[in-house]
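Notes follow once the structure below has been shown.
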Amino acid sequence: MMAIEGYVLLSAGLFCIGLFGILTRRNALMFLMAVELMVNAAVINLVAFALYHGTLTGQVFGLFVLGLAAAEVAIGLGIILVLYRNFGTIDVSVPTTMRW
Amino acid sequence: MEGLFTFAPAIVLFPLVAFAITLLVGRYLPLGGAIPGIVATGGSLALSLVMAAAVAGGETTNELVYTWFETPEITFHFGLLIDPLSAAMLVVVSLIAFLVHVFSLSYMNAEGETGLPRYYAGLGLFTFSMLAFVVADNLLMSFVFFELVGLCSFLLIGFWYRTKSAPSAAKKAFLVTRFGDFFFLIGVVAIAASYGTLSFAGDASFVTAAESAIDSETFFGFDADTWVTITGLLVLGGVIGKSAQFPLHTWLPDAMEGPTPVSALIHAATMVAAGVYLVARMFGYYALSPTALAVIAFVGGFTALFAATMGCVKDDVKQVLAYSTISQYGYMMLAMGVGGYVAGVFHLLNHAVFKALLFLGAGAVIIAMHHEQDMWKMGGLKEQMPVTYYSFLAGSLALAGIIPFSGFWSKDEVLYDALIVGLSEPLILAAYAMALLAVFFTGFYTIRMVRLTFHGEPRSEAAESPHAIGLPAKIPLAVLGVLALVGGAMNLKPLEELAGLEVAFLERWLDGQGVGSVDGLTYHAYSETVHYGHEYIGGPEGTVILSAALSLGLALAGAGLAWTLYSGPEPTRHTERLGSLRDLAVANYYQDEYQVWLARGLTLPLARASDRFDQTAIDGVVDGVGSVSRFGGERLRRLQTGQVTDYAALVILGVLALLVVLGINGGWFL
Amino acid sequence: MIEPVQLPDAAALGPALVLGLTALVVFVFDSARPHEPDRGLLAGTTAAGSLLALGVGVWYMIAGVGVPEPDGAGVISLFDGQLVVDQLALFFMLVTAIVTALVAIASYDYMDGHAHQGEYYSLVLLAATGMATMAAANSLVTVFLALELASLPSYALVAILKDNRGSVEAGLKYFLLGALSSAIFVYGISLVYGATGVLQLDLVAEAITGETGQHVLTGNAHDVAGHDGLLGVGIVLLLVGIAFKTASVPLHFWAPEAYEGAPAPIAAFLSSASKAAGFVIAIRVFTTAFPVEATAGLVGFDWSVAFAVLAVATMTIGNFAAAVQENVKRMLAYSSVGHAGYALIGLAGVGAGANELVLGAALMHLFVYAFMNTGAFLFVALAEYWGVGRTFADYNGLGRRAPIACVALTVFMFSLAGIPPLGGFLSKYLLFWGSLQAGMLFVAGALVVNSALSLYYYSRLVKAVWFEEPVTDHGSLAQPVGLYAALIAAAVMTVVVLPGFGPIADSALDAATAVLTS
Amino acid sequence: MSRPRLVSLSSRLVPGLLAIALFGVFAAVVVGTDFAGYVGFPDELSVTAEIGYALFDFTELQETNTESFLVSFLLIAVVLDAALDASLVLATREGPDESVRPSAFDGPSTRSTDDTEANGTAATDGGAVDGATKIDGEPASEAETASPTAGDATTDGGDGA
C-alpha cells in the first residue's frame, strides 16, 4: 500500500491539474470537468484520510461529495445550455457584457 | 420627571406631529399645510416659556426618557436636560421657528409656490430636530439630532430642486458638514470608549469622569489631559462644520439657494447655532483643556475677520448676510475659547434674533423686488416699505454693533473677555486683534447693504414699483425689530462693572443664581476650571471703557465709511467712484483720499484675496478628495474585466498569497 | 414561559423545516396546474410560509430556545451534534425568513408573466431552507451540504430569465466561480479532516485544543501538532470558500455581475439572506472549530488577523468601486461588497478583547442590513418593472412621480450610508465603538473613511430621484401592489429598528456571547 | 466547442503557472507534515454495512467511530431535489405561448437558438450587443462591449417603448 503522503500528493496534483484547466481553458464544459477534477481530488483525500484515521467519516462524506458533484454538474449543464442558446457559444470569455 | 417638566417632551414632539400631519395629509389642508406647523411651534413656544418660568422658579431636570439599549460597559439612552442654558435656547429656537412659519405665509404661500406641504413638513422636522438637540442630555443623542438637523437642511436647501444650483448647494452643505461630523463621530465614540458614559451632567457625566482622570489615568497611551484635548478637538470638527467656521465654512454661502425663511432658520436658530450651542453644552469638558480652548478662540477670531472681509464684496444681499453669519459665529467661538461662556451664549441669543430679523427682512425685500437679490438693482425702498426698512435697520445696527442695539452689548462683552485674557496670552491677543479689526468690516458691509438696498434712487423697474408684502411678513419683522433694539438689556455687563448696578441678568441666569441650576453646569463652575488669568489696563473699569470705546469706534468708522462711500442717489461701485465723490467732498479732500485708500488699498484687496482663497483652495481640497476616490475607484474597477477566467486567476492568486505569507509565518514547510 | 420543548427535539429546527415544507407545498400546487400557475397562490404560499417560519423563530426566541440553562430552554443539539440550535442559529433563521418573505411578495409583480412560476418560488424556498440550515449546521459535512443547498438553486435563480443575456451571463459567472469555490472549500474540509480526523465542529476544536496525542473519537495515537501545515492550508481554503458566499475579497468578483444580471428580487435575496448565511457559517466554523489561541499556537497564525485584513480590503474595494459606477444596480452590488467588509470586522475582533461586543455589532449590522439592502434592491426591481432604465440619470426625477417609493429609497440610502437616526447608523456606530474597544484602531479608521466615502454615492442616488430633472418623460408610473408592499415594509422596518434596537442588540449580543463562550 | 483563437499559446498558459505554484506550496506542506502510519480498519469489518449504519445513525451497531450522517442523508435528498428542479427550469424549452420574460419587460427577446434576429437587450441585460453577430460565432470585439455606459443608454425602458 502506498504511504499516506503519496495519496495526499496525488490529490494535490489532481487539484492543481483541475485548477490549471480552469485557468487556461475557455470552454465551459472543460471548466466544469476541471472543477470535477478538483472535487475528486478532495474525495481522494477524504478516503485516504479515512483509512489513515481508522474512521469511516471521510469515506461517507466522500460519497456525499460525489453526489453533490453530480448535482452541480446537472445545474452547470443547464446553465451552459442557456448560455449556448443566448450567445451561440460556450466559450466563457465571450459573455462580458457586464464588467467594471 | 415631576411637575411642569412632565410636559417638556411635548415641546419637542409638537413639531414632529406637525411634520407627520403635513407629510401625510398636508395636500388636503388649507394654506399648503402651514397651520399644523404654526400651531405646533406656537405650542412649543408657549411650553418653552413655561419651562423657562419653571427654571426661574428654581427647578431643573435631568431625566432619562428612553433607554435604547444597555451593555455591561455603557448605556445608550435618550434623556432631557433642562437647565438655564437649554431653557433659554428653547425659547429662542421655538420663537424663531414660529415666526419663520408665520413669515412663510407671505414668502411661500402668497407667491404661489408649489410643493408647500413638503416645505412645511421640512420646517417641522427641522424644528423638531433642533429642539431635541437642545434638550439632549448626552452626547450620542446630540449627535443623532445634530445629524438630523443636517439632513433637514439638505432637504430644505434643495427645496427648489428644479434649479441647477439648489441641488448642488444642498449636497455641498450636506457633505461638507458631514465631513466635520465624521470627526465628531470619532470623538463621540472615543469619549464613550474612554469614560464609559456620554451624559453631559451629573455625577456620571463624562466631564466629571475626565476631571477625575486627569493626572491619574492614561487612555490609549495618552495622558488624560492630552486625551481630553484630542477628543475635544474631534468633537470640535463637527462644530466647525455645522457652525461654518474656517475651513469648513464654504457650504454656508451656497446654502442661500434655499428659500429665504429657511435661511433665517438655518442661520439664526438651528443648523449653524447647533455648533456653538454644542460647545456651550459641553463647555465643562473644553474648560479642562487650555489647548482646545486656544484653538477654538483662534479659529473663531480668524473666521470673524476672514468672513467679514468677504462680506464687503458681495452683491447679493443674502450672500452678504451669509458671510456675516460666519463672521458672527466666529465671535461666539472666540468668546467660548477665552472662557467667556456668558458672552458667547449672550451673543448666540442676540444673534439669533437679529439675524432672523435680517433674513426675514431680506426675504421681504426679495418678494418686493420680484425675486431679485442683487443689491445694485435695488435702492430707494425706504419710502416704499417703511416697516421693513426700520426693522431691517434695527437689525443692521445690532449686527454692526452700534449702541444701544443688542449686538453692541454682546459683541462688546465678547471682545472685553478676549482682551483681558489676551493681555497675558499672546495667541489670544492675536485672535482678539483679528476680531477687533473685523468690527470695522462688519460696520462697513452692514451699512453698505442698508445703503444699497434702501437708500438712493431705485435702480431697476422692480425697485420702482415694489410688490406689496402681506401682514404675515410684517408682524414677525416688527416683533424681531423690537427685540433687536432691547435685547441687549439681558446682560448690561458694562453698566454693572462701571455703575455697580445689578443688571447682568443673563450671567446670573446662566450661573443659576436665584434660578434653578444643575451642578457643574454653572458659569461659576466653568470659571473655576478654566486656567486663564485676567489682566487689565487701568483697572477693570478702565478696560471696560477702553474695550467698549475701541469696538464702538471701529464699528462707527466702518459704518461711517460705508455711509459716505455709498451715499447719493446713484452710488457707484467700489473704485471708480472717485468722480462722483468730488462734488460732495471737495472741502474734505484728505478725508476723501483716506477713505478711498481704505476702500481701494485695504478693504478690497483683502476681501478679494479672501474670496479667491475661498473659491480655490478650500473648494479645491474638497473636490480633490472626491477626485482621489474616483481615481482610486477607476483603478479598482479595471480589475473587474468581465472574464470569468481572470476572476479565477485572481482568486487563486489571493489564495496563494495568503498561503505563502501564512505558511512562512507558521513554519508549515518544514 | 412557553414550553416548546415538549415537542420532539427536531422541532427546534422549526423555521428551517417550515421553509422546506412550504417548498414541498409549492411543488404540489404547481404540479396540480403546471401550465396555468396561480401566481397569487404561489407567491402567497411562499410569503405565508416564510412568515410562519419567522413566527416560529420569534416564538422560540421568546421561549428561550437556544439560551443556555438555567435561564432558557438550553442549546439544542440534534442528530449527534451535527446540527445545533442556539441563539445564533435562530437569529439568522429570522433574517433568512424575513428576506424570503419580502422577496416573495415583491416577486408577485416582478415575475408576472414568467413561465416557471412554481419552480421559481420553490427554488427560492429551497435556497432559503439551505440558508436556515446553514445557520444550524455544526459539522463541516452539514455546513457543506447546506451551503450547496443554498447555492444550487441560487445559480438557477440568477439565470432564470433564460432569454436575457445579462441574466444568463450572471448565472454563468456565479455558477463557475461558485463551483470553483466549493471545490476549494471541500478540499479544505478534506485537509482539516486529515489533520484532525473529525468533521464535527466541536470535535475539531477538541482535537486542536486538547494536546493528548490521541484521536478524539478512536483514541488511537494521532498528533495534531505534527499536521499543522495541513490544518493551516485547510483553514485558509475554508476561509476562501466562505469568502465566496459572503462576497468578500478575494472572492467578490462574481458579486457585481451576478447582482447586476439577476432579477432584482433575486439580487436582493442573494445579497442579503445568502450573505448573512455565509456569515453565520464563518462565525460558527471559526469560533467553534478553531479557537483563536489554540489554533494560533498550532498553525502559527491568528485567523482573526486574516479576517481583519480581508475586512479592510473588502470594504475599501467595495466602496471605491461603488463610487465610480453609473449603473444603480451595480453600485448597490459593490456597496453590498463594502458592507460585507463591515460585517467581517465582527470576526476580526474575535481575537481581541471586547470580542462579544464586536461580534454582536456585526450581527446587528447584518440584521439591519437585511432590511435596508433588500429594500434598496427592491426599489431597483420597481424601477425595472417601470422600465425607466438602469443608470443614475435614468432615475432622475422619479421622486415626483413615485414619491412614496422614493421616500423609501431615501430611507434605505441614508441608512446604508449610516446616517443617524436610521438603523444603519446604530449598527455601524456599535461596530466602530466595538472595534475601538477591541483596540483595532486601523480597522476602525478604515470603517470611518469608507463610510464617509459611501455617503458620496448613496447621496448621489437620492439627489437623482429628488433633485434632478428627468431626462425623458416616462408618463405615469404603475403602483404594483406586491412590490410596493415589500418596499414599504422594508422601509418601515429600517426606521422601526431604531426604537426597537434594544431587543435586537440584546439578542445579538447574547448570541455573540454564547457562541464565543461555548 | 472552443473556437480557434489567434492567441499565442504561451500567453494563455501564463495563469496556469499559478496552479503549478500552488502545487509547489501543497507539496511543500505535505512533505513537511509528520505523517504516521495507517490506523486502518479491522480485517473482519464490513465497510458497506458500516457506511449503512453511519447513514442511519445506528451508532450502537458501529465498530468504528464514524460520525453520524442521518441529517446529511436527509439534506442531500433535498439538495438533489433542488438540483433537479433547477436544472429542469434551465433546460426545458418553453412552449410557443410561454415566456421566460416577466411581462413588465415586454421587449423583444432572444427566444431560443432559432430566433437569431432578435435583439438581446432586456431588463437586466448588461449591454446591447447585437445578437446576430454573436451567434455567427465571431469573437466579441472590444468595440462591441467596451462601453457599458453606451450600452446603458439602451435601457429596458427603451425596449418596452
Computed about the Cα centre, the charge dipole of chain A from +1 Lys/Arg and -1 Asp/Glu charges at the Cβ has a magnitude in debye, to the nearest 20, of 320 debye
The protein assembly as shown accessible area per residue, 1.4 Å probe, protein heavy atoms, integer Å², reads 31 Å²
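To the nearest 100 Å², how much accessible surface do chains A and C hide from each other in total, with a 1.4 Å probe?
Summing both chains' loss of accessible area gives about 3800 Å².
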Here the whole-number average of other chain Cβ atoms within 10 Å per Cβ of C:381-390 is 6
Counting only protein heavy atoms and leaving out ligands, DNA and RNA, the solvent-accessible surface of residue B:563 at a 1.4 Å probe, in Å² to the nearest 10, equals 110 Å²
Computed for chain C: size of charge dipole around the Cα centre, +1 on C-beta of each Lys and Arg, -1 on C-beta of each Asp and Glu, debye to nearest 20, value 1240 debye
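How would B:257, B:507, D:63 line up by accessible area, probe 1.4 Å, largest first?
D:63, B:257, B:507
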Charge dipole of the protein assembly as shown built from unit charges on the beta carbon (Lys, Arg +1; Asp, Glu -1), centred at mean Cα; most positive-end Cα among B:124, B:143, B:195 is B:124
Measuring from its Cα centre, the protein assembly as shown shows a charge dipole (+1 at each Lys and Arg Cβ, -1 at each Asp and Glu Cβ) which, in debye to the nearest 20, is 3860 debye
Expected field for residue C:209, accessible surface area in Å² at 1.4 Å probe radius, rounded to 10, holds 70 Å²
Cα extents of the protein assembly as shown along the principal axes, largest first, in whole Å, come to 124, 73, 61
One computes Rg over Rh for chain B from alpha-carbon atoms, with the Kirkwood Rh, and obtains 1.01
Between the residues B:40, B:658, B:462, the Cα farthest towards the positive end of the dipole of chain B, that dipole coming from +1 and -1 charges on the beta-carbon of Lys, Arg, Asp and Glu, is from B:462
So, with points 7 Å from each Cα along the Cβ direction, the residue C:211-residue A:29 label distance in nm works out to 5.5 nm
Burial-style ranking of C:251-262, B:11-22, average other-beta-carbon count within 10 Å with highest first, yields C:251-262, B:11-22
Given the candidates C:101, C:489, C:273, the one whose Cα lies deepest towards the positive end of the charge dipole of the protein assembly as shown, counting +1 at each Lys or Arg C-beta and -1 at each Asp or Glu C-beta, is C:489
Once accessible area is computed for D alone, A alone and the pair with a 1.4 Å probe, the total buried surface, to the nearest 100 Å², works out to 5000 Å²
Between residue D:14 and residue C:294, the two model label points (7 Å from Cα along the beta-carbon direction) sit apart by a distance in nm of 4.6 nm
With the 8 Å Cα cutoff and a minimum separation of six or more residues, segment C:128-237 has a relative contact order in percent of 22 percent
Reported to the nearest 10 Å², residue C:510 has, with a 1.4 Å probe, an accessible area equal to 80 Å²
Descending accessible area (1.4 Å probe), largest on the left, turns B:50, D:30 into B:50, D:30
In degrees rounded to 10, the 0-90 angle between helix B:386-400 Cα long axis and the longest Cα principal axis of chain B is 60 degrees
The simple spin-label model distance between residue B:27 and residue B:374, using points 7 Å out along Cα→Cβ, in nm, is 3.8 nm
Place a point 7 Å from the Cα of residue D:49 in the direction of its beta carbon; the residues of segment A:18-56 whose amide N falls under 12 Å from it are none
Looking only at lysines whose Cα falls under 25 Å of residue B:318's and that sit 8 or more positions away or on another chain, we get B:164, B:171, B:172, B:242, B:355, B:377, B:382, B:411, B:474, C:463
Computed from the beta carbon distance with a Förster radius of 22 Å, FRET efficiency for residue B:10 and residue B:471 to the nearest 0.05 stands at 0.15
Sorted on mean Cβ neighbours within 10 Å (highest first), peptides C:57-66, B:475-484 come out as B:475-484, C:57-66
Expected integer from the mean partner chain Cβ neighbour count at 10 Å over C:208-215 is 1
Any residue on another chain or 5+ positions along whose placed amide H is under 5 Å from the amide H of residue C:391 is listed here as C:328
Per-residue accessible area, 1.4 Å probe, largest first, puts D:101, B:508 in the order B:508, D:101
Packing-ranked peptide list from C:124-133, B:515-524, highest mean Cβ count within 10 angstrom first, is C:124-133, B:515-524
Across all Cα atoms of segment B:87-177, Rg and the largest Cα-Cα distance (Dmax), in Å, are 14.2, 42
Output field shielding_mean for C:506-513 (other chain Cβ, 10 Å radius) holds 1
Dividing the helical contributions, -39500 (n - 2.57) per DSSP H run of n ≥ 4, by the residues of chain C yields a 222 nm value, nearest 500 deg cm²/dmol, of -23500 deg cm²/dmol
Buried accessible area between D and C, both sides, 1.4 Å probe, in Å² rounded to 100, is 5000 Å²
Carbon and sulfur atoms account, in whole percent of the 1.4 Å probe accessible area of the protein assembly as shown, for 65 percent
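The values are calculated or read from the model by the stated rules, or taken from the named source; none is laboratory data. Not measured: the values here are computed from a predicted model. FYI the Cβ positions are ideal-geometry reconstructions off the backbone, even for glycines, and counts take in every protein chain you see. In case anyone asks, the SASA skips ligands and DNA or RNA and just uses the protein heavy atoms, side chains included. Shrake-Rupley method; radii C 1.70, N 1.55, O 1.52, S 1.80 Å.
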